[in-house]
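Below is one structure, written out as structure tokens; the observations come after it.
The values are calculated or read from the model by the stated rules, or taken from the named source; none is laboratory data. Just so we're clear, the structure is a prediction, and the values are computed from it rather than from any experiment. Keep in mind that these areas ignore ligands, DNA and RNA; they rest on the heavy atoms of the full protein, side chains included. Shrake-Rupley method; radii C 1.70, N 1.55, O 1.52, S 1.80 Å.
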Amino acid sequence: MMYGVLFIVILLAYLLLIQNKKNQARYARQYIEDETAPLSAKQKQLIRDSWQRVLPVKEKAAELFYGRLFELDPGVKPLFKGKLDFQGDKLMMTLNVVVNSLDDLDAVEAMLQAMGKRHVIYGVEATHYETVGAALLWVLQQTLGEYFTEEVEDAWVTAYGVIATTMKEAAYSA
Ligand code: HEM
């Protein structure tokens, strides 16, 4: 009887030890992933949360975006041949796809690379990505108001950087 209880206690202690080791390994993996990923888990969450606030007013946001873009660089206006409301919708759709793929950016890499190459045909130059990024951040600031904190801004700067770099590298390298 005594040995039976002792055996159960030792077995339970052993199982707890294994569980603990497994958890430690999982936390270590998460830590490594966060260290190497362009966006931390917190930043992804900030992007998702803030995007939820933009989506209900996406038409207005797209309109604001083009207004700001042409104000910052009137020279890019002639590049846009199609209707801007239709165009704005496509831009928002693309951002939506990327926001929904933050946990697996590899899945949208090929789409962004192809889009970057198409943009060369539209007459887009590498430096234009900076202006578009500035216009996008301004729209987020206008739309989110006080929710556009420094942390939210940093997260979007990083996310836009990933998108723009992927598009530009496919379009302009070699
Ligand atoms: C985050 C970066 C960008 C995203 C997500 C984006 C998204 C899009 C999308 C979805 C289209 C529709 C056509 C297609 O898929 O090829 C498009 C077209 C276009 N984009 Fe972008 N774009 C970006 C950057 C830029 C930049 C930096 C410029 C430079 C001004 C630009 C100018 C244009 C033009 C001129 C068109 C064609 C419009 C037309 O024919 O009327 N885009 N963009």
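Among the listed pairs Lys60/Lys168; Lys42/Lys90; Lys77/Lys117; Lys44/Lys77, which have their C-alpha atoms separated by more than 25 angstrom in this model?
Lys60/Lys168; Lys42/Lys90; Lys44/Lys77
Which distance in Å, rounded to a whole number, links the C-alpha centroids of the stretch 37-60 and the stretch 84-110?
Each part reduced to its Cα centre gives a spacing of 12 Å.
Hey, what's the stretch 105-165 come to in accessible area per residue, 1.4 Å probe, Å²?
54 Å²
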